[in-house]
Amino acid sequence: MTGEARRKEIRGIHRKHKFFYEMLGGGIVLVVSILIGATQFGGENQDYPMNLFTEGMGIVATVFIINRWYAKRELESLKQRLIREAGSRSHDIAISAVEWLDREGWLRGEDGLLKGADLREARLQGVRMEGANLEGVNLDAADLRGANLRGAILHNANLFRADLRCWTKLREADLSGAKLSLANLERADLQKANLNRANLSRANLRGADLVNATLKDAMMLETNLETSNLYEADLEGANLMHANLKTPSSLKNATLKGANLSFVDLEGADLCEMDLSGATLQCVDLRNAKLFDTNLQSADLRGAYLEGASLLLEERRYECYTKRSTDCDWTREEIVWTGTILTGATLPDGKAFTEYMGNEDIAPYIDSNHEEFGATLKKIDEHPARKRSRN
């Protein structure tokens, strides 16, 4: 630990235990004063001056201690009042309280005063709480429209039914383990936010910016992700059953490894080069989806519709011309791209795809003109997973 870091740590300890050190200092002053009095008035016939000096110093020390104790109680009372007012249903009162807490430096750090606070139904639209420690806070049904919560700590916070619309800033915020069921996050800025293990079931994320966000193992049942931007988002292991992923603005480079996408409508979606290995894709609508170079290794496609989907299993070859030297001589070379990975995947009718299978084996699922397409489609429709969804 560097000298500056150590000094910073010591200053933090002093601030945290300021009252204790003041009381200790007062006690030391009293003891020293008594010793000085004993030295100055310790001779014969000095009892009266000695007693007078001791009593005087005792009164001074007592008044100091009482004043400091009273000041501490007043400060604690102010803090508790501001916490209560931050949860007010009056917008002006709530905003004023938060601004006061911010000015005093009581929002951030391990001892942030709103950590674990009960702010349910608070009217905090437009509030500025960048980097605030709101771990475990209860913001059930709170109005946070347009709030600035960039970098805030909302780990395990309760944001059930919270209103976070209108470009609320949650960029780089820690929302891991947060409860966001039924929350309205339409057009919210969640770039690089940590939503690992968060519960977003039935939340509205329409048009939300989730670029580079992490949503590992997130619960996203029936979540509305229509027109949201999931560019390079990490959804590994997320549960997206029945989610609305219709026309996302971008899914490019998103990770859906091991995710559950059962019953999701991905008709016409561009899933090229995405990692869907081990994903559950039961009863997914993948008609006309682009699946070039998509990794579907060990994926579960039982009951899925693949009509018109672009699964390419053979190698694709392109011709490209490269300048060889300064004499403008050009040489032709072939670039080989591998096709969609289906090794170990469970096909829509329950069959397992093996390394010995090829285009002729998946044609009945994709080509409506194939002689076996009708029978295969009937078999898919009768699959238990799809029957359960109808019931």
Residue satisfying all of: in region 58-93; modelled with pLDDT of 90 or more and among the acidic types (Asp, Glu); nearest to residue 124 (Cα to Cα) among these: 92
Single residue of 303, 308, 278 found to be open to solvent by less than 10 Å² (accessible area, probe 1.4 Å) and either in a loop (DSSP other than H, G, I, E, B) or not β-branched (Val, Ile, Thr) (or both): 303
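From the set of residues in region 135-171 that are charged (D, E, K, R) and more than 22 Å from residue 113 (Cβ to Cβ), which is nearest to the chain's Cα centre (by Cα)?
Step one: filter region 135-171 for residues charged (D, E, K, R), giving 135, 140, 143, 145, 150, 161, 163, 165, 169, 171.
Imposing the further condition that a residue be more than 22 Å from residue 113 (Cβ to Cβ) reduces the set to 145, 161, 163, 165, 171.
On the way: 145: 18, 161: 16, 163: 16, 165: 16, 171: 9 Å.
Within region 135-171, the match that is nearest to the chain's Cα centre (by Cα) is 171.
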Any pair with Cβ under 8 angstrom, 6 or more apart, that starts in region 349-367 at a residue that is without any contact (Cβ under 8 Å) to a residue 12 or more places away in the chain and at negative phi and ends at one that is buried (at least 19 other Cβ atoms within 10 Å of the Cβ) and outside any loop (DSSP other than H, G, I, E, B): 352/346; 353/346; 353/362
Cross-chain or 6+ apart pairs with Cβ under 7 Å, region 90-116 first and at positive phi, then buried (at least 19 other Cβ atoms within 10 Å of the Cβ) and among the acidic types (Asp, Glu): 116/135
Residue in region 289-297 that is open to solvent by 20 Å² or more (accessible area, probe 1.4 Å), in a loop (DSSP other than H, G, I, E, B) and free of Cβ contacts under 8 Å to residues at least 24 places away in the same chain present: no
Residue count for region 250-282, restricted to those that are among the small types (Gly, Ala, Ser) and more than 19 Å from residue 197 (Cα to Cα): 4
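Looking at 346, 340, which is the one that is at pLDDT below 90, hydroxyl-bearing (Ser, Thr, Tyr) and within 19 Å of residue 308 (Cα to Cα)?
Going through 346, 340 in turn, just one is at pLDDT below 90, hydroxyl-bearing (Ser, Thr, Tyr) and within 19 Å of residue 308 (Cα to Cα): 340.
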Flag if residue 140 is open to solvent by less than 40 Å² (accessible area, probe 1.4 Å), assigned to a loop (DSSP other than H, G, I, E, B) and acidic (Asp, Glu): yes
Tally of residues being closer than 21 Å to residue 141 by Cβ and buried (at least 17 other Cβ atoms within 10 Å of the Cβ) across region 83-109: 9
Checklist (1) open to solvent by 60 Å² or more (accessible area, probe 1.4 Å); (2) on the phi < 0 side of the Ramachandran plot applied to residue 161, failing item: (2)
Selection status of residue 302, modelled with pLDDT under 80, on the phi < 0 side of the Ramachandran plot and of a type in the set (D, E, K, R): no
Members of region 177-210 found to be within 13 Å of residue 164 (Cα to Cα) and small (Gly, Ala, Ser), listed by number: 181, 183, 188, 203, 207, 208
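The values are calculated or read from the model by the stated rules, or taken from the named source; none is laboratory data. Since we're looking at a predicted model, the values are computed, not measured. In this analysis, Cβ positions are derived from the backbone assuming ideal geometry, glycine residues included, and neighbour counts consider all displayed protein chains. Accessible surface areas use protein heavy atoms only, side chains included; no ligands, DNA or RNA. Shrake-Rupley method; radii C 1.70, N 1.55, O 1.52, S 1.80 Å.
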